[in-house]
Amino acid sequence: MRIGVLALQGDFSEHLAMVAELGWRGVPVKEAADLVGLDGLVLPGGESTAQCLLLEASGLRCPITEELRDGLPALGTCAGLIMLSRTVIGGREDQWSFGVLDVAVRRNGFGRQVRSFEANLVVEGLVDVMRAVFIRAPVITEVGDKVEVLASVPYRFPDGTQVQVPVVVAEGSLVASSFHPELAGDPRLHELAFGRSVGRSIADIVSTLDEREERYVGSFQMGDDQTQEGRSG
Amino acid sequence: MAELNEGTARVKRGLAEMLRGGVIMDVVNAEQAKIAEDAGAVAVMALERVPADIRRDGGVARMSDPALIREIQETVTIPVMAKVRIGHFAEAQILEAMEVDYIDESEVLTPADESYHVDKWAFQVPFVCGATNLGEALRRIGEGAALIRSKGEAGTGNVVEAVRHLRSITSDLRAIAAASEQELYGWAKKLNAPYELVAEIHANGGHLPVPLFCAGGIATPADASLVMQLGAEANFVGSGIFKSGDPARRARAIVEATTHYQDPQTLIRVSENLGEAMVGIEMDALDQHLADRGW
């Protein structure tokens, strides 16, 4: 399998590492020619405003839009989620998105960097928890009828009221998260996003994921140790 | 769901990872911040005077007026960074309370403490620090810096010092990767750096534990390409943009050059008819080397 990773700006090298770990060939995508023959595309984290400009300047906006509309499987994390979304709130006036995933997102909805956090997350279909790293993360404020919500976290409004907001969503050939599984070295969302495209059922994929469970548990504990350096919020 | 952990090392370094391949631009007012965001900056550094003006005016350079920083925060949607003087933790506390996204403990401002840098672990907001060599970088990381930038020589429009610093850092990183395990103690001694960080570099194949960006003297798209090819993962551009003839155009050109640093055709396209670059200063003509501040 050849999985493209949009490599204009952001943490694309972590995504390329996740793709390699799954035994797939990762292709950095910087121009339209790099899109040929891909089985999937990762839209990485980064700054969505800068990515918008670079996508247009590099002549990638139209070809990627077409590929996504034609059903190319894709995974978007953080800024990648914003790029896939139908509606972007709190962006620049001229901000555009590919508009293929039927959700509305609020940019930096969780707040500025001091509000960035990590947490253990239960994702539907995955046996073990996922260490989720949220960096100035977007909040999904609306989901369409055909969108599956695979995980949620509590969101506190300034007045203290709390609601559950979706943080992993799937629709058709698309999977997206508000956080960065790649920063914790966890490739399971990549496997969910692209494993489906070669005719494997979700049940098949989940059973392979179970076999790897032990390894992930190890890496989560390492992550927990690191958190002692900071404060708990 | 389990508890949410804020301010962890991974969360602090995480924002730096998201800025990779991008350009962080010095801005002195909301109007410049808007120009920077329009040009595709991944973040802005809010300050009262760009380094070239600090150099010209002299006197003590301090943290910017909070009102100025606030105005810039309200103008742009991208992360906003701001500078504190070396060792001035009270300025850092103010910036943290303002929810600035990154604090730059910077040699461009006049140092406030000649013995101690800020204890950066004590903060939830991440810090970036300058370094001229690997030992200095590791001492800053030991104090809690989540991002390292070359110091270069700010406000000169001359990239020579940034190149020297980047080459020095990456060359030592490669040597540590190739060293034997016994030699790591010698490296820690030679660099005056924490042994654990030296061992971490050896174990991970020669990578700094945090991202490495370039700062200090970038003035052209070709400069941006040069330092990216030398191992920088993103660029800070200060005086180089707003001291040039056509800041909006130059800003955008440096953004594209940082992304497509390996593609000479893009570099040709963005460099053509770019107008005047900032004039620039030769190192021998400098009265004061800002990079000598800090240790």
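For the reader, a short list of remarks on this structure follows.
- Taking label positions 7 Å along the Cα-Cβ direction at both residue A:17 and residue B:62, the computed distance is 4.2 nm, reported to one decimal.
- When all protein chains stay in place and ligands, DNA and RNA are ignored, the 1.4 Å accessible-area order of B:101, B:284, largest first, is B:284, B:101.
- Of the GluC sites (Glu not before Pro) found in segment A:1-71, those that fall in a DSSP loop while having at most 16 other beta-carbon atoms within 10 Å are A:31.
- Segment A:55-119: translational diffusion in µm²/s, Stokes-Einstein, Kirkwood Rh over Cα pairs, 4 °C, 1.567 mPa s: 100
- Gyration tensor (Cα) of chain B, equivalent ellipsoid semi-axes in angstrom: 28, 23, 19
- By the equivalent-ellipsoid construction on the alpha carbon gyration tensor, segment A:71-204 comes out with semi-axes of 23, 18, 13 Å, ordered largest to smallest.
- Across all Cα pairs in segment B:230-277, the calculated P(r) in 10 Å bins from zero up to the longest distance comes to 26, 54, 19 percent per bin.
- Taking B:17, B:114, B:71 as the candidate residues, the one with maximal mean-square fluctuation in a Gaussian network model of chain B, Cα springs under 10 Å, is B:114.
- Value in Å of the Kirkwood radius, where segment B:84-234 supplies the Cα pairs that are averaged: 15.9
- Chains A and B, summed buried accessible surface - 1.4 Å probe, Å², nearest 100: 4300
- Spatially proximal aspartates and glutamates relative to residue B:151 (Cα-Cα < 13 Å; intrachain offsets below 8 disregarded): B:104, B:105, B:107, B:136, B:161, B:292
- GluC sites (Glu not before Pro) within segment B:147-248, DSSP loop, no more than 14 other Cβ atoms inside 10 Å: B:181
- With DNA, RNA and ligands ignored, accessible area of residue A:156 (1.4 Å probe; Å², nearest 10): 150
- Segment B:160-261: translational diffusion in µm²/s, Stokes-Einstein, Kirkwood Rh over Cα pairs, 37 °C, 0.692 mPa s: 220
- Whole-percent pair-distance distribution, where bins are 20 Å wide, for the alpha carbons of the protein assembly as shown: 23, 58, 19, 0
- Using a probe radius of 1.4 angstrom, the carbon and sulfur fraction of the accessible surface of segment A:9-96 is 48%.
- Solvent-accessible surface (1.4 Å probe) assigned to residue B:89 amounts to roughly 120 Å².
- Rounded to the nearest 20 debye, dipole of segment A:31-169 from Cβ charges on Lys, Arg, Asp, Glu: 640
- For segment A:1-147, the alpha-carbon coordinates run over 40, 38, 32 Å along the three principal axes, in decreasing order.
- Most fluctuating residue given options B:194, B:111, B:126, as computed from a GNM of chain B linking Cα atoms under 10 Å: B:194
- For segment B:221-295: relative contact order, % (alpha-carbon pairs under 8 angstrom, 6 or more apart): 37
- Taking the Cα centre of chain B as origin and assigning +1 to Lys and Arg Cβ atoms and -1 to Asp and Glu Cβ atoms, the resulting dipole is close to 460 debye.
The values are calculated or read from the model by the stated rules, or taken from the named source; none is laboratory data. What you see is a predicted model; the values in this text were computed from it and never measured. Cβ coordinates were reconstructed from backbone atoms using ideal geometry, including for glycine residues, and neighbour counts include every protein chain displayed. The accessibility values were calculated without ligands, DNA or RNA, using every heavy atom of the protein model including side chains. Shrake-Rupley method; radii C 1.70, N 1.55, O 1.52, S 1.80 Å.
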